[in-house]
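S.K.: Structure incoming, see below.
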Amino acid sequence: MNTMPKCNCHICKSSDVTMMEVYKEFSRVTSDCKPWKNSGCLVVCNQCHAVQKCVDETFLKEVEEIYGDYDAYYQSGGKEQVVFNEGNQAVKVRSLSILEAVEKKISMAANGRFLDIGCANGNMLETVSMVFPGWELFGFDLDEKNKVSIESIKNVKHYYSRKISHIKGTYDFISMVHVLEHIPDPENYLAKVRKLLCPEGRLIIELPNIMENPFDLLIADHCTHFTEERIVGLLKRAGFKVVFSDSKSIPKELTLVAKFCDTESVGEEIVQGKNILTYINQCMNWLKDIKNKMERIGKNGDIGIFGAGIASAWLISEFKEMIAFCVDEDKDKVGRIYCGIPVLHPENVYEKTVFVPMPFQGSKKIADRLSGQNGCRYIGTSNPGDINLD
Ligand SMILES: [Zn+2]
């Protein structure tokens, strides 16, 4: 009997997909940074090159369970994620960095109607209310647990919940910050969002960038792992034209602004033939290599992990016995318990080994900068492309 789950691409609907078999062996993490079980299903579409989870009954059931107990930003006590610069210093909150990146390219009018889809604790709405005080604000999310606090933000006129079809009116700006990667049928969803946009309106989309952060593959409830090319193509299919796309302003993320497409080109899409499959294979090998490295350096236990985020939650679920503490430079995280272990500042760690699970140059920079401090040894990772394919 063939037990391979059947999986069609949830963007182009093709059944020509490649299953990443090794993925099932990895523990996973939820997007609110909690360890999650293994046996996930990751595929790459050979037609449109979308990297995605197989959206089957198991996936939908798991996602329901994850969102039933969701806790945005719990690792920093409810505070919004901060953006770090090259020297790993906290610069500003993410929503402000996004708005600044957008404002560099587009001049915002003095007033208008702004809708944040997936507004969670209201971080984006709070920032808009400070930076653009003339705007009327609206929020939408699936449940009502933050309704009262969102409606208390200055200039918030209404909070919508449950279904996107409940949202009334049209908007000059709509933001979707870390929303689209969670949506099982993103094209259809974007078509609904399009109906909420004024003819001259703009849509802001913020997503994890899979080309800069392979750990995103381990997030159980992210159903699409976008490249810049893939989101641009998807927006075009849904009737949008990209005004600008930026992969630099927020590290490891993509910021895009889109507007209505000319009607004659709606639905057309040019997909570049870049081989994303090779890259995803490299990522699988790189993640395996990180596990092997952890097994070697952590065999005597009592080691630390740098960062209290997705990568650390993953390694803690894979190697709970070995890891005694996390190390982080974000003052909102230091002093907390993360996935059952304490988060310490590098200044308070003495003569320990600390593994720095980060992609690309970030890991080496941090390992080089902190090694030797208080007699500690910080060990970095290699780059995904440096790992040989099987
Ligand atoms: Zn596809």
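S.K.: Shape of segment 299-383 from its Cα gyration tensor (a ≥ b ≥ c, root eigenvalues): rounded if a/c is under 1.5, otherwise prolate when a/b > b/c, or oblate?
M.R.: Taking the square roots of the gyration eigenvalues as a ≥ b ≥ c, segment 299-383 is rounded.
S.K.: Now a separate question. Considering the chain as a Gaussian network with a 10 Å cut-off on Cα pairs, which listed residue, 278, 255, 170, attains the greatest mean-square fluctuation?
M.R.: 278
S.K.: State the dimensionless ratio Rg/Rh of segment 192-338 (Rg: radius of gyration of Cα atoms; Rh: Kirkwood radius).
M.R.: Reported Rg/Rh, Kirkwood definition of Rh: 1.09.
S.K.: May I pose another question? Name the residue farthest towards the positive end of the dipole of segment 152-265 from the options 176, 197, 243, assuming +1 on Cβ of Lys and Arg, -1 on Cβ of Asp and Glu, about the Cα centre.
M.R.: 197
S.K.: Right, next: Calculate the radius of gyration of the Cα atoms of segment 103-198 to one decimal place, then report Dmax, the largest Cα-Cα distance, as a whole number, both in Å.
M.R.: Rg and Dmax of segment 103-198, Cα atoms, are 12.8, 36 Å.
S.K.: What residue among 354, 338, 324 has its Cα farthest toward the positive end of the dipole of segment 299-383, where the charges are +1 on Lys, Arg and -1 on Asp, Glu, each on the Cβ?
M.R.: It is 354.
S.K.: Structure shown: which of 61/320; 34/333; 154/331; 248/365 lie over 22 Å apart, alpha-carbon to alpha-carbon?
M.R.: 61/320; 154/331
S.K.: Nearest 20 debye, what's the magnitude of the dipole of segment 131-262 about its Cα centre given +1 on Lys and Arg Cβ and -1 on Asp and Glu Cβ?
M.R.: 480
S.K.: Let me have the 222 nm mean residue ellipticity of the chain computed from DSSP H runs of 4+ only, each contributing -39500 (n - 2.57), with the sum over all residues rounded to the nearest 500.
M.R.: After summing the helix terms and dividing by residue count, I get -7500 deg cm²/dmol.
S.K.: While we're here: Quote the charge dipole size of segment 299-383 about the Cα centre in Debye, to the nearest 20; the model charges only the Cβ of Lys and Arg (+1) and of Asp and Glu (-1).
M.R.: Value, rounded to 20: 140 debye.
S.K.: Taking Cβ-Cβ under 4.7 Å as the only way to count a partner, pick out the unpartnered cysteines of the chain.
M.R.: Among the cysteines of the chain, those whose Cβ sits 4.7 Å or more from every other are 33, 119, 198, 223, 261, 283, 326, 339, 376.
S.K.: If you don't mind, another one. If you bin the C-alpha pair distances of the chain every 10 Å from 0, what whole percents do you get?
M.R.: 5, 22, 32, 26, 13, 2, 0
S.K.: May I pose another question? Report, in listed order, any pair from 145/195; 288/352; 6/168; 92/259; 53/252; 13/252 with a Cα-Cα distance greater than 31 Å.
M.R.: The answer is 6/168.
S.K.: Can you give the FRET efficiency for residue 47 and residue 104, using 1/(1 + (r/R0)^6), R0 = 25 Å, r = Cβ-Cβ distance, to the nearest 0.05?
M.R.: Once rounded, the FRET efficiency stands at 0.10.
S.K.: Right, something else. For residue 275 and residue 16, compute 0.36 nm times the residue count separating them, minus their Cα-Cα distance, and round to one decimal in nm.
M.R.: 91.8 nm
S.K.: Positive end of the dipole of the chain, charges at C-beta (+1 Lys, Arg; -1 Asp, Glu), about the Cα centre: which of 96, 18, 315 has its Cα farthest in that direction?
M.R.: It is 96, whose Cα lies furthest towards the positive end.
S.K.: Treating only the Cβ atoms of Lys and Arg (+1) and Asp and Glu (-1) as charged, compute the dipole magnitude of the chain about its Cα centre; round to the nearest 20 debye.
M.R.: Using only the charged Cβ atoms, the result is roughly 220 debye.
Taken together, the values in this text are just the output of simple stated rules run on the coordinates, not laboratory data. Since we're looking at a predicted model, the values are computed, not measured. Reconstructed Cβ throughout: ideal geometry from the backbone, glycine too, with neighbour counts over all protein chains shown.
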